[in-house]
């Protein structure tokens, strides 16, 4: 029975299913990732353990490519969502480019086999060393966030005898209706320039012979639930795009960013790609620029789970705590964003309790779930935190001197250890 078909009553008494969980199934009461037992992987590699499905990565990438095939988009995978080399290599084999926001992410993308000519470099604080590295690699273009950054890129390019391709990031001031920390397209955001300033910024770029105007960029935020913010943003930037095409023949790309949402809860619907394509394709055709997009969460979010082992079950006068060996340093989204992650047993269990799932970190904010209906687990049992492929390990830390988790990639009946678990020695290896 697939996890997608494991229904539980919701508040209205109806039976719902977990969407987009094609790669995770129960077989004989045990959770599998594709054709590999999750429990076996946990026994082999220990916990906490991130497990990713290669089939899901490919499936999501192809869904995007197929939905937008009419405009042949350049798909830049947003490396910040999941930096695992095995994940990036899997997507590189599909033809993906990369959206990077640091020199380190560019290094990772190149190491994993993504051609520099398919890399866009974003981020508000690029250093001179990062810019020089990107220019030497020959990236596709820089996403430029400010006029001072234009000057810095031009200066570094001049020193290297290079020419830098740039796409200025504009803020169309569209409300993406998402978490305030991940809303990036409003005029008060630290990202990009507003539409009124954008033309002046492009004129500044055109005045520097070291710069080539490659396109225009925007990113509204993440996760977005539907296509409406994208349609509104395209309508707002269309006049600027027409002005750019008329004045700068090298301006060929419209980078729409990413932010496509995924279902985290059983009652949530998947992002409607058909509606997105119907809204975006006619507008992109009318604008006349090549479309680029930057999906991250959409590709990797439901490709991954975090497996944790129960250490203790603790009751007090007010509630039950299921204490596991995964913590906020492994998955910070619940305390940081108030994010919901479905939690299921690795071995199916009949009983059910209401409890908090918490970790060993010395913070009251160290939780993975609060007051949640959970399987009635005991010490030693395994739990799987679903939808953990995006912004899970990528945001992990060594807080409380905890080594970061191991990562595994499953491809059919094959599994590889993609990253070894950090040891205590690893924690101090860089210290002097």
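The values are calculated or read from the model by the stated rules, or taken from the named source; none is laboratory data. Everything quoted here is computed from the prediction, not taken from an experiment. As a convention, Cβ positions derive from the backbone with ideal geometry for all residues, glycine included, and neighbour counts pool all protein chains shown.
A few remarks follow.
- Top-ranked residue in region 246-264 [being surrounded by 16 or more Cβ atoms within 10 Å (Cβ to Cβ) and outside any loop (DSSP other than H, G, I, E, B); ranked as nearest to the chain's Cα centre (by Cα)]: 260
- For region 1-108, the helices (runs of 4 or more DSSP H) that sit wholly inside it and include 3 or more residues that are farther than 18 Å from residue 307 by Cα and either in the same structural domain as residue 352 (by TED's automatic domain parsing) or modelled with pLDDT of 95 or more (or both) are 54-67, 85-93.
- Filtered residues of region 265-288 (kept if surrounded by 20 or more Cβ atoms within 10 Å (Cβ to Cβ) and assigned to a loop (DSSP other than H, G, I, E, B)): 271
- Of all residues in region 370-400, those being out of contact with any helix residue (DSSP H, G or I) (no Cβ under 7 Å at 6 or more places or on another chain) and on the phi > 0 side of the Ramachandran plot number 3.
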